[in-house]
Every structure is written in structure tokens, then in C-alpha cells.
Amino acid sequence: MTTQKVKGSVLKSRLEFVRQEIGEEGLAKLMERLPEDDRKALGRLVTVAWIDFEIGKRLDEAIVQVLGGGSTRFFERLGEVSAEANLGTLHSAFLAPGNPQAFLAKAPQIYRLYYDVGWREYEQTGEREGVLTTHDAETYSKTDCLTVLGWYRKALELCGAKNVRIFEDECRASGGSVCKYRVTWQ
């Protein structure tokens, strides 16, 4: 079995989030919690390179301990910051100002930018609602799912959606067969 990979940009966003929240000294303390091989891999991150998902999972666990005091909820905020950074520059072509449905229809292509295994689909269920479903990911984590929630919420706001609400109806990290997110907005 192969190990699922994630784009370096995902982990770079997390490290930048930590740097903004607690500075260089705090980032150094966080890095001390990781195994030496992880520290080396994260120290030479390239945005477009594929990195083992498990390194990211261990980084997330360290972030939870250092920044979150054991709570994972701030990962939604991390997702928002990541969306703003990536969609404001590198991946701005995905945005569909004034047309959130058109943006969500690009979910399969967006997923392939960040993950090398599995796939995501989008089903429109109403004028201002739909369902994102992630299938066949070999690895997953609750923190990654929370980041996805925040990322899509901010992305939809960047498309002009108001009062965006995203609910995780099913999660593989909680025993589900897929990760399913129900999205609504005004």
C-alpha cells in the first residue's frame, strides 16, 4: 500500500499560520515536538512537492498541543487563512466571483491540487446549497477535515457568498465511509 501524499503548500500554510500566531520562537518550540525526520522534511518544504500525509498529521497533533491546548477547533481558522493566501495568489483562477456554485463545481480539480489519492465531488442540492463528498482517501484526520471546513467557508466568502455555513455530516476520522460536508449560504 502506498502512503497518501499532500502538497507542500498545505503544510507551508500550517507553518505560516503558527508563525503568525506565536512567532518564530513558538514555531521553534512546536518543531521540537516532532521527530527529527519530520523536522528535516518540513525544513525543506517546496510548495509544489508531495509530502507524506503522516508528516502533516504529526504536525497537526503538535499544533493542537502547542496552539490549541488540546482543542482542534482553531483548525477551521487555519483553513480560512490558507484559503485567503492560496486563492488570493497562486490559485486565484478557481474563484468565481458572484457564482459560488461555479466555484464549488471545481471541487474535484481543487482536491487534486492538494491530495494525491482519493477524490472529491460536489452535488448542487439547491440554489444556495450543496454537498461536498471526499471518497477513497487513504489517510484522513479530524484536523484536516476541520481545515477543509474553514477553507471552503472562506473560499465561498471570496466568491461573494454571505452567511456561509458548512456542516460535516459524515467523517472517516469518526468512523464514516466518506467525508461529507453540507454547504449553505445566502
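The values are calculated or read from the model by the stated rules, or taken from the named source; none is laboratory data. It should be emphasised that the depicted structure is a prediction, and the values quoted were computed from it without experimental measurement. All Cβ positions, even for glycine, are placed from backbone atoms using ideal geometry, and neighbour counts span all protein chains on display. Side chains are part of the model used for accessible areas, which takes the heavy atoms of the whole protein and leaves out ligands, DNA and RNA. Shrake-Rupley method; radii C 1.70, N 1.55, O 1.52, S 1.80 Å.
A few notes on this one:
- Looking only at region 1-32, and only at residues there that are of a type in the set (A, V, I, L, M, F, W, C) and more than 16 Å from VAL66 (Cβ to Cβ), the one that is nearest to the chain's Cα centre (by Cα): VAL10
- Filtering LEU78, LEU87, LEU95 for residues that are farther than 14 Å from ARG14 by Cα and open to solvent by less than 30 Å² (accessible area, probe 1.4 Å) leaves a single hit, LEU87.
- Checked against (1) over 18 Å from the mean Cα position of the chain (by Cα); (2) under 30 Å from GLY26 (Cβ atoms); (3) among the aliphatic types (A, V, I, L, M), LEU113 passes all but a single condition, namely (1).
- Some residue of region 138-150 being under 28 Å from GLU21 (Cβ atoms), among the acidic types (Asp, Glu) and modelled with pLDDT of 95 or more: no
- Matching residues, region 47-89, being outside any helix (DSSP H, G or I), hydrophobic (A, V, I, L, M, F, W, C) and in contact with a Lys or Arg (Cβ under 9 Å, 6 or more places away or on another chain): VAL48, ALA49, TRP50, ILE51
- Residue match in region 3-12 (condition: surrounded by fewer than 18 Cβ atoms within 10 Å (Cβ to Cβ) and over 22 Å from HIS135 (Cβ atoms)): no
- Inter-residue pairs, beta-carbon under 6 Å, first open to solvent by 60 Å² or more (accessible area, probe 1.4 Å) and in region 42-69, second of a type outside the set (Lys, Arg) and assigned to a helix (DSSP H, G or I), 6+ apart: VAL46/GLY8; ARG58/ASP38
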